[in-house]
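This report concerns only the one structure given below.
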Amino acid sequence: MSNKPHFQQPTTRRDMLRDCGVGFGMLAFASLLAEQAEAEKKPTNPLAVRAPHFPARVKRVIFVFMHGGPSQVDTFDPKPLLTRDNGKPYPFSKPRIQFAATGNLLKSPWEFKKYGQSGIEVSDLFPHVGSCVDDICMIRSIYGDNTAHGGALIQLSTGSDRFIRPSMGSWITYGLGSENQNLPGFITICPTLGHGGVQNWSSAFLPAPYQGTPIGNASVPASRAAISYIKNPETPADLQRMELDLVQNMNREQLQHFGVDPQLEGRIQSLELAFRMQTAAPEIMDISQESKATRDLYGIDQQPTDNFGRQCLLARRYSERGVRFVQVTHSYKWDQHGDLRNGHSNNAKEVDKPIAGLLKDLKARGLLKDTLVLWGGEFGRTPVAQGTDGRDHNPHGYTMWMAGGGVKPGFVYGATDDYGYYSVENKMHLHDLHATLLYLLGLDHKKLIYRYGGRDFRLTDVFGEVHQGIIA
């Protein structure tokens with residue numbers, strides 16, 4: 001036997017890849033099995049109820065949207081120094097980018113007074129909402145990034161003012177499903193067709209069943225708003241079912257033959273839901289069942305509250321039947337670059353009583369404790385004048401409010417500066433608003449994700465903090 005030492009030949013990269021090839025294959029196979037097992041856990045119905053990430057404080061959301069941008073300093077954010085210094089130059093720097101040229105400070109034409117046991121101040125524009133202030137959490141420190149209606153509204157609706165993303169109603173329905181399998185999880189009543197239009201209730205890259213279902217649009221009176229093609233008086237339901245089964249069988253054969261097709265899968269689900277909605281939706285749309293007292297509460301059959309009152313009542317009717325997210329839109333009236341006094345006065349007269357009616361009705365029915373009502377516009381207005389009687393766009397500090405389960409009632413959170421231009425205390429960016437909204441629904445905004453185009457997306461993108469200061 002030789003006493004010479006034995007030296008082993010070094011392993012090359014090619015040898016290593018050859019020897020480990022089987023191992024890589026096993027890893028890939030294990031990953032496929034895991035994905036298949038995870039897919040089998042998912043409900044076949046995309047709108048099936050899903051458990052939240054942690055115990056939820058509310059089950060559903062009603063978003064009362066004021067399209068155009070109501071002025072915070074004329075509604076819910078009183079500024080005594082603005083009144084004192086009316087006509088003087090704004091003493092701090094104005095934003096580097098402004099939507100239009102503005103002048104000196106402009107005091108509010110309306111008086112503020114305290115309401116309820118909480119003593120929160122509300123302007124004379126909203127006396128009915130003021131009577132509900134002990135149920136409201138007033139957030140006076142919202143801010144966003146875009147000074148134009150389109151970008152600001154898209155950011156409020158989807159979390160991004162640059163790219164087409166799923167709307168918050170779609171994200172919420174994706175995360176929680178719907179409590180009523182005969183109705184969509186997300187409904188928008190008389191939505192605006194401008195400033196992004198359908199993108200504001202789109203599911204974008206989320207599966208099609210999470211798309212918002214519009215009832216009418218902003219150009220149609222609420223009394224005539226309807227879900228398109230919800231009735232078919234010419235074909236009996238049993239024959240419709242036979243026709244639908246034929247179409248669905250062909251669609252499913254297509255899926256089996258060609259594999260995964262999200263658009264076709266969405267079409268299959270939407271056709272099934274549309275068939276079921278024929279029995280559920282018409283009954284909800286028929287508000288003649290409501291008592292005269294309830295109709296009066298919302299200002300229905302009265303002017304100028306009838307139109308928005310019908311929207312708010314429909315929101316309650318859909319919410320109590322398990323729709324997860326309902327939006328009502330007062331469009332497009334709050335953009336007072338001029339004629340502020342008349343414009344805001346007329347707008348408030350149309351919505352003040354219906355909004356208060358919605359809050360009072362939800363509370364009387366025991367629904368407010370697990371329903372979150374969110375009020376606001378895409379931005380606020382400047383405390384400085386545009387012309388002699390107008391205010392420009394202001395995304396830098398404005399007011400939105402919440403009412404219902406999970407938030408502190410009769411509570412003011414955050415603040416703008418002494419004149420109401422910038423958010424300065426407990427600043428709540430729109431990403432924070434979305435994160436907090438999801439938190440109240442039991443969803444962790446960092447875990448509510450969807451993989452698309454090679455990356456994980458979420459409503460809050462890579463931002464957002466939950467503001468525990470408003471949580472009850």
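The values are calculated or read from the model by the stated rules, or taken from the named source; none is laboratory data. Please read these numbers as outputs of a predicted model, since none were measured by experiment. Neighbour counts run over all protein chains shown; Cβ positions are idealised from the backbone, glycine included. With ligands, DNA and RNA removed, areas are computed over all heavy atoms of the protein, side chains included. Shrake-Rupley method; radii C 1.70, N 1.55, O 1.52, S 1.80 Å.
Tell me the accessible surface of Leu246 in square angstrom (1.4 angstrom probe, heavy atoms of protein chains only), to the nearest ten. For Leu246, the solvent-accessible surface is approximately 110 Å². For the chain, the longest principal axis of the alpha carbon atoms and the long axis of helix 13-41 meet at an angle near 50°. Enumerate the residues in region 325-369 having an amide nitrogen under 18 Å from the point lying 7 Å beyond the Cα of Asp134 toward its Cβ. Of the residues in region 325-369, 356-369 have backbone N under 18 Å from the label point off Asp134. Tell me, what is the percent relative contact order of region 94-247, built from C-alpha pairs under 8 Å that lie six or more residues apart? Reported as a whole number, the value is 15 percent.
Taking 0.36 nm per residue of separation and subtracting the Cα-Cα distance, full extension of the segment from Val49 to Phe163 would add 38.1 nm. For the chain, the relative contact order comes to 27 percent (Cα pairs under 8 Å, sequence separation of at least 6). Placing a pseudo-label 7 Å from each Cα along the Cα-to-Cβ vector at Asn232 and Glu111 gives an inter-label distance of 6.1 nm.
Among the protein heavy atoms, those of Lys231 account for about 150 Å² of accessible surface (1.4 Å probe, every chain in place). With the simple model of a label 7 Å out from the Cα in the direction of the Cβ, Lys369 to Met250 spans 5.2 nm. Remark: accessible surface ordering of Arg365, Arg324, Arg310 (largest first) is Arg365, Arg310, Arg324, probe radius 1.4 Å.
Take 232-241, 393-402, 156-165, 100-109 and order them by the average number of nearby Cβ atoms within 10 Å per residue, most first; the result is 393-402, 156-165, 100-109, 232-241.
R0 = 25 Å: FRET efficiency of Arg455 with Val260, Cβ-based, nearest 0.05? Efficiency for this residue pair is about 0.80.
For the residue pairs Lys88/Lys427; Lys59/Lys446; Lys369/Lys446; Lys353/Lys427, alpha carbon separations beyond 24 Å are given by Lys88/Lys427; Lys369/Lys446; Lys353/Lys427.
Accessible surface of the chain, 1.4 Å probe: 53 percent of it comes from carbon and sulfur atoms.
Out of all DSSP beta bridges in the chain, what portion is antiparallel? Express it as a percent rounded to 5. Counting only bridges with both partners in the chain, antiparallel ones make up about 50 percent. In region 248-344, inverting the average of 1/r over every pair of distinct C-alpha atoms gives 17.2 Å as the Kirkwood radius.
With a Förster radius of 25 Å applied to the beta-carbon distance between Ser345 and Thr83, the computed FRET efficiency rounds to 0.85.
Here the contact order of region 371-472, divided by its residue count and restricted to Cα pairs under 8 Å and six or more residues apart, works out to 23 percent. The convex hull of the Cα atoms of the chain, projected and averaged over all directions, covers 32.6 nm². Centre-to-centre separation between the Cα atoms of region 183-257 and those of region 325-398: 28 Å. In the chain, the calculated helix contribution to ellipticity at 222 nm averages -11000 deg cm²/dmol per residue, counting -39,500 (n - 2.57) for every DSSP H run with n ≥ 4.
Remark: spin-label model distance Asp301-Ser288 equals 1.2 nm, labels positioned 7 Å along the Cα→Cβ axis.
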